[in-house]
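This report concerns only the one structure given below.
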Amino acid sequence: MEERLSVSMYYFPQDPMPGDVDNIVKLTLDALAPNIYTEDHLIDRILVQRFNPEVSFSFADPSDTLVEAMTIGSPVLYVCIDEAPLRDLAQ
């Protein structure tokens, strides 16, 4: 894959996460290369969200994969890689 990319990561910890949310990013991106993309420099955008278990939330239009991830129990790290990094921004 040589396209410009965005990566979304949603972390659903089993317990409130004491560390910083950015600790998830580097290890995950390094694990994905070179099997998913060839180089980190292809990533133009990273979105990371932690959903602590004591806070209620809902998604407006979750993918089937995200729904499955949320129902299998915690902890779960959902990762979505998109070839259109500006898809949801006004252009």
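Side notes on the structure shown:
- Looking across the range 14-38, the residues that are closer than 15 Å to S74 by Cα and either loosely packed, with under 12 Cβ neighbours inside 10 Å or among the basic types (K, R) (or both) come down to Q14, D15, P16.
- Search result, residues across the range 61-76 that are surrounded by fewer than 13 Cβ atoms within 10 Å (Cβ to Cβ) and modelled with pLDDT of 85 or more: D61, S63, D64, T65, V67, E68, P75
- Test: residue in the range 54-65 that is assigned to a helix (DSSP H, G or I) and within 16 Å of the chain's Cα centre (by Cα): yes
- Matching residues in the range 1-38 - criterion: being touching a residue at least 24 places away in the same chain (Cβ under 8 Å) and aliphatic (A, V, I, L, M): M1, L5, V7, M9, M17, V21, I24, L32, I36
- Positions within the range 39-58 being farther than 13 Å from L29 by Cα, surrounded by 11 or more Cβ atoms within 10 Å (Cβ to Cβ) and without any contact (Cβ under 8 Å) to a residue 24 or more places away in the chain, in sequence order: none
- Residue pairs whose Cβ atoms lie under 6 Å apart, separated by 6 or more positions or on different chains, with the first residue in the range 69-82 and without any contact (Cβ under 8 Å) to a residue 60 or more places away in the chain and the second of a type in the set (V, I, T) and surrounded by 13 or more Cβ atoms within 10 Å (Cβ to Cβ), are A69/V76.
- Scanning the range 1-13 for residues that are at pLDDT below 85 and closer than 13 Å to P75 by Cβ yields no hits at all.
- Residue in the range 23-31 that is touching a strand residue (DSSP E or B) at 6+ places or on another chain (Cβ under 6 Å) and part of a loop (DSSP other than H, G, I, E, B) present: no
The values are calculated or read from the model by the stated rules, or taken from the named source; none is laboratory data. Nothing here was measured: the structure is a model prediction, and the numbers come from that model. Note that each Cβ is placed from the backbone with ideal geometry, even for glycine, and that neighbours are counted across all protein chains shown.
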